[in-house]
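**Student:** I'd like to ask you about the structure that follows.
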Amino acid sequence: MASVRFTVTPTKAEDLPGLSDTSPDISSRSGARVRFGSRESVNRSDPHSETSTTTAGGGGAETPDDSNTEQGDGNSKISSVYINNSHGVDDDDFYDRNLALFEEEMDTRPKVSSLLSRLANYTNLTQGAKEHEEAESIGEKKKPGKAPQMGTFMGVYLPCLQNIFGVILFLRLTWVVGNAGVLQALSIVFICCCCTMLTAISMSAIATNGVVPAGGSYFMISRSLGPEFGGAVGICFYLGTTFAGAMYILGAIEILLMYIAPKAAIFESNSPEGEAAAMLNNMRVYGSICLLLMSLLVFVGVKYVNKLASIFLACVIVSIVSIYAGALVSAFKPPQFPVCMLGNRTINGHAIVDSECAKTLLLPAGEPEESDHANFTISTENSTAAPTFDPGHIPALVEFTTSLWKQFCRGPELNASCDEYFTSNNFSQIEGIPGLASGIISENVWSSYVSKGDVVEKASVSSSHFAPPASNHQPYVFADITTSFTLLVGIFFPSVTGIMAGSNRSGDLKDAQRSIPIGTILAILTTSIVYLTSVVLFGACIDGVVLRDKFGDSVKGNLVVGTLAWPTPWVIVIGSFFSTCGAGLQSLTGAPRLLQAIAKDNIIPFLRVFGHGKANGEPTWALLLTGLIAELGILIASLDLVAPILTMFFLMCYLFVNLACALQTLLRTPNWRPRFSYYHWTLSFLGMIICLALMFISSWLYAIIAMVIAGMIYKYIEYNGAEKEWGDGIRGLSLSAARYALLRLEEGPPHTKNWRPQLLVLLKLDEDAHVKSPRLLTFASQLKAGKGLTIVGTVVSGNFLQSYGEALAAEQTLKHLMDKERVKGFCQCIVAQKPREGISHMIQSSGLGGMKPNTVVMGWPHAWRQSEDPQSWKTFINTVRVTTAGHLALLVPKNISLFPSNSEPCTEGYIDVWWIVHDGGMLMLLPFLLRQHKVWRKCGMRIFTVAQMEDNSIQMKKDLATFLYHLRIEAEVEVVEMHDSDISAYTYERTLMMEQRSQMLRQMRLSKSDREREAQLVKDRNSMLRLTSIGSDEEDDTDGGERERAASGGGDGEGGGGGGSGNCEHNRRVQMTWTKQRTLHYRAAHSGCSTPEGFRDMLSIRPDHSNVRRMHTAVKLNEVIANKSHDARLVLLNMPGPPRNAEGDENYMEFLEVLTEGLERVLLVRGGGSEVITIYS
């Protein structure tokens, strides 16, 4: 236990006792001060002192106008000069002077004293009711609860004993020993106990790694493995607990109908074939009644169940002690339970009506079958002893047949035809309980598995060699099911479950982190020793035929384990009945609470209704569902069929407990610090392997069904459940796996065969934080088909410190849009002063390691010609340049609003690819990827390439077809010949219009910027601050105005300088950028634009020859593309690169506009400079 030491220190000299006893102000503050909250204090004052006149918060005698010192009975107090004096000097302000540096963050970062106070007042909550964060919120008022006082013995050890010892020990363990033999039975018990011991070690490590709220088993698994695994395993654990309740009820009904009140059976059968069915029907009726009564008891109140628990536990302990006592007594005085044998076959004791294990009897004449009243000893046919006669009376003796004769022969006559095995073998009697000193264990060491319908036989007894198969109508003891090692494992394993009982009560324990490991491990050791010694004692004291007799038919219907008990079998019968009833009540109490916890965690939406209950929190609806599921188990009606079902669910739960411990240990997460240190990941893995092996050993079919159920729940929670972040191990495993994979990817660039588009989708938000072009994300989802990396980014203009909230809102908008479009990926929002810089930073910094984007998707700037603000198209061109410099591919869908949505599949049509220049193969790969999506799946693919006059178009077509064949891409191929032609007047006119428009816009922007800034430049020409602002990048968005302003500003600074060498140096740096000639050039251009003569000069300019050639290419290509692909669903073509000279940016936009004119849907593609497709395998 960690110790907490509180040190109380006087804060002022006046606070020391005895120094100033006369001052009321001082005496009211004398003594120790203990702080619990961030704004509240608790003072322990001298009870004899007067009340302080100073009130908290600065009220009363103190005002904001007080001076720095105030007088109070001759004692001066110095006010703080670092904090606001308007509140005066009181206890809170005086204390907070020590934390004045942190007072502005007290709401988000509370004082340590506040934190410790909340931790000290922490109470364990019902698991699933609230998250810890909500339960520990500041200012929450909690009702004072009673502190948990249960220790290890009462809180963990005894509940675990009660849950582990159950119906299997009393009803099936003897049968397991009889079929498997002592050695194999010991191995079964040892394997099962090892499984639970290893699981308990893992559970102890998890339970001591922090505070576990009440009902901790589900909490431990879900918080260690995450909501998906937690929900799946929680449901499995719930089903296992529910079926355990059904199994305990069936065990109690079996004890009632078989051994306590056999005559209470409602259904009876006259034929042996119908006895089993009648018994099952009786179990169903009585089991349903018992389940209803138990459910009503649980509904009325759990307190009654808890009061009865100690009585039931006492019954279990008394029963076990009576078994050991009986085994010891049998060494000196074995109990008398004779077993009748015919040859080596066991006779059913219920069939011996006259209590005679013989074929015939010699009785006095006239007194048939009344041997009890005869005054001489009866001589049987099988006996070799001579009869002893009464010397006073010698009656005539007559041979009569017994009741057994009538069941093997066709009549009671001595000459009636009888069964061959009956004729050739004699009856004999053996002791059912030979005793501890008899050496019978030598016969019971080895296994004796039987098939269904076989007679229980004793191998050491001789019989005739001819042994015809027995008939069901004969009074033998038959095996009701086929036994095997695997079956016995599945039936026995429920008897070692119940190890979670201690962790489920963690909310009631005084020290859960100490009690759970000690109590659980001690309980498992105790029960393991009891089971192992019981196996040996049963094998050493009871005959093998009695052990293999499941229901005790050979000993006249006595409970087999009861025959060994001392002083009477009724101790075991009554004790086992009440213990199974108690275990059933415990299961029906715990299972609804487990379901309620899962429902309140809200990880499975359709279970939400079961989180509600009565006003006191009792899970009414969960109890109803639990009763219905338990009824299904009772309708199965067979203990041997129900046991393997709950074995599967418990084993799966234990498997995941071990997995959680191993995972946390191997990941070495910082929060993994268990107080229980005797664990290791190898032990957890061994426990996992044993659990998995036991699942498939018991029943491979049930194991698969349990796994399918868990898998379906897992996928449901993953797909539709509420997302939870519990700091689970699976999230840690994902981080470790991601780190490993990223480091592996970093080893080298990806091979061409592994290349796939990792997208960075750039979206623009409007003033209301809505995405302007959501179809961009739709197109990205169609291109990715859910595979690979997708990062959706946007840029928020502003300062990060002021715009952080806007960035979070923008990020949420992107996430909602991604969820709507079902795009799996990440979103990134960058705050920057200028959008172009933010985009550049995003392109450079997105991704991590080998998972960086290699393809940028951005929208076409709409109405860029009409926009007076050149930011949109300048940002666009800048992004093209950045992607080219970063060797990234670029996709620009034009007319994106016309692209189909995910709910509008194209039923026919073509995707046309215009392969003008080779750009790494992107144009070939993109249509193939698009056609993987349902929207484009039915579209064909056509590839066009351009041939010049000197090219052989026929050969080009053949080569292209061969290339596509090797690429395994099906497409139609066409080569378009481009003839040399003169530049048309239309082309010349378009170029001229383009250059005139560019010149006009440039001059208009120059004149506007000059008019706005000229006066301010004159005013601040000597200001260094203004020079700095002129040179800053906040105002370099336009071309000429800033440059001319910077030049003139530099000149002014140089002429009016004299401030020092620093100013001169800065002015020289600005002057070096803009020369005087260039300034005069821009001024001349500006003045020319504002006069009619200058306007006429602009109209008479001649277009640049290179621009004319580029326009010619764009016009000719557009004519060909529009002619061939006017009906295409989508056109992909190479995107030309931007000009090296930034002055031609407007012309570049015009070229792209002319190139794509008249096309409905266009995807401009620009490769990243690397090959993305290959013909090799």
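The values are calculated or read from the model by the stated rules, or taken from the named source; none is laboratory data. Source: prediction; values computed, not measured. Here the Cβ is made from the backbone with ideal geometry for all residues, glycine too, and neighbour counts use every protein chain on show. To get the accessible areas, we keep the full protein, side chains included, count just its heavy atoms, and leave off ligands, DNA and RNA. Shrake-Rupley method; radii C 1.70, N 1.55, O 1.52, S 1.80 Å.
**Student:** For the range 406-460, which trypsin sites (Lys or Arg not before Pro) pass both filters: DSSP loop (anything but H, G, I, E, B) and at most 13 other C-beta atoms within 10 Å?
**Tutor:** Sparse-neighbourhood loop trypsin sites (Lys or Arg not before Pro): 410, 452.
**Student:** Note the full-extension length gain between residue 1106 and residue 770 as 0.36 nm times their separation in residues minus their Cα-Cα distance, in nm to one decimal.
**Tutor:** Length difference between fully extended and current span is 116.8 nm.
**Student:** What FRET efficiency, computed as 1/(1 + (r/R0)^6) with R0 = 60 Å and r the Cβ-Cβ distance, is obtained for residue 608 and residue 1122, rounded to the nearest 0.05?
**Tutor:** 0.55
**Student:** Among 359/452; 772/834; 957/1124; 824/938; 934/957; 772/1124, which pairs are too far apart, with a Cα-Cα distance over 26 Å?
**Tutor:** Exceeds cut-off: 359/452; 934/957; 772/1124.
**Student:** Suppose R0 equals 51 Å; then what is the FRET efficiency for residue 261 and residue 331 from their Cβ-Cβ distance, rounded to the nearest 0.05?
**Tutor:** Rounded to the nearest 0.05, the efficiency is 0.95.
**Student:** Send over a whole-number figure in Å² for the accessible area per residue of the range 825-927, probe 1.4 Å.
**Tutor:** Here the residues of the range 825-927 average 39 Å² of exposed surface.
**Student:** Still on this structure, please answer the following. Tell me the carbon and sulfur percent of the accessible area for the range 180-244, rounded to whole percent, probe radius 1.4 Å.
**Tutor:** C and S fraction of accessible area: 81 percent.
**Student:** What does the accessible area per residue of the range 149-241 come to in Å², with a 1.4 Å probe and no ligands, DNA or RNA counted?
**Tutor:** Heavy-atom SASA per residue in the range 149-241 reads 19 Å².
**Student:** Something else: What is the distance, in nm, between label points placed 7 Å from the Cα along the Cα-to-Cβ direction at residue 511 and at residue 396?
**Tutor:** So the label points at residue 511 and residue 396 sit 9.0 nm apart.
**Student:** Please list the non-local residues whose amide H lies under 5 Å from the amide H of residue 857, H modeled 1.01 Å from N, same-chain partners needing a gap of 5 or more.
**Tutor:** 760, 761, 762, 891
**Student:** How high is the FRET efficiency between residue 403 and residue 481 when r is their beta carbon distance and R₀ equals 25 Å, given to the nearest 0.05?
**Tutor:** Between residue 403 and residue 481 the formula returns 0.30.
**Student:** Related question: Given points 7 Å out from each Cα along the Cα-Cβ axis, report the residue 954 to residue 1160 separation in nanometres with one decimal.
**Tutor:** Reported label-point gap for residue 954 and residue 1160 is 3.7 nm.
**Student:** In whole Å, what is the distance between the alpha-carbon centres of the range 788-839 and the range 646-664?
**Tutor:** When both Cα centres are located, 41 Å separates them.
**Student:** For labels at residue 297 and residue 689 in the simple 7 Å Cα→Cβ model, what's the distance in nm?
**Tutor:** Simple spin-label model gives 4.4 nm for this pair.
**Student:** Around residue 896, with a cut-off of 15 angstrom between Cβ atoms, what is the net charge of the other residues, counting Lys and Arg +1 and Asp and Glu -1?
**Tutor:** Overall, the nearby charge balance is +3.
**Student:** Given the pairs 764/894; 764/784; 784/852; 600/815, which span a C-alpha to C-alpha distance of over 19 angstrom in this model?
**Tutor:** 764/784; 600/815
**Student:** Please work out how much length the chain gains when fully extended from residue 903 to residue 310, using 0.36 nm per residue of separation minus the C-alpha to C-alpha distance, in nm with one decimal.
**Tutor:** Fully extending the segment from residue 903 to residue 310 adds 207.0 nm.
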